[in-house]
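Presented below is the structure to which this report refers.
The values are calculated or read from the model by the stated rules, or taken from the named source; none is laboratory data. What you see is a predicted model; the values in this text were computed from it and never measured. We place every Cβ from the backbone using ideal geometry, glycine too, and count neighbours over all the protein chains shown.
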Amino acid sequence: MVYSLFPASLIAGPIDRLPRFKADLDQVGQPFQFNFAAEGLWLILIGAFKKFVLADFLARLPLNLAQFPDNTPGAVAEGNRRMADEVMRGLQHLVNGK
């Protein structure tokens, strides 16, 4: 049951990972270390912030830029919007880690 709930087993599958997982689980002298748990929780919170705050904001920014018309000729204005769109998409992928 413990192995089936272990997230890495979903990726690697039961053939390769079960013997190593069982050996690590049976090993004595592995006390719970609060520092590791706190660091893992911190990384999860940072990732959630990046995804739900920064990435979503950056995803909507090109749409907001497109709503404001430029006072420049049409081709230049369209080029500016496309460039802003590409920059924002690049930042979104950077924040998402893709």
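Is segment 47-58 home to any residue that is at pLDDT below 75, surrounded by 10 or more Cβ atoms within 10 Å (Cβ to Cβ), part of a helix (DSSP H, G or I) and of a type in the set (Lys, Arg)? Spell out the reasoning first.
Filtering segment 47-58 for residues at pLDDT below 75 gives 58.
Applying the additional criterion that residues be surrounded by 10 or more Cβ atoms within 10 Å (Cβ to Cβ) yields 58.
Those left that are additionally part of a helix (DSSP H, G or I): 58.
With of a type in the set (Lys, Arg) added as a condition, the list becomes none.
No.
Among (1) modelled with pLDDT of 75 or more; (2) of a type in the set (Val, Ile, Thr); (3) surrounded by 11 or more Cβ atoms within 10 Å (Cβ to Cβ), which single condition is THR72 missing?
For THR72, the failing item is (1).
Which pairs turn up if I take residues in segment 73-88 that are under 12 Å from LEU58 (Cβ atoms) and look for partners that are at pLDDT below 75 and of a type in the set (A, V, I, L, M, F, W, C) with beta carbon separation below 6 Å, at least 6 apart in sequence or on another chain?
Matching pairs, first to second residue: ALA84/LEU65; MET88/LEU58; MET88/LEU61.
When you scan segment 29-40, how many residues do you find that are over 23 Å from HIS93 (Cα atoms), assigned to a helix (DSSP H, G or I) and not acidic (Asp, Glu)?
Of the residues in segment 29-40, 5 are over 23 Å from HIS93 (Cα atoms), assigned to a helix (DSSP H, G or I) and not acidic (Asp, Glu).
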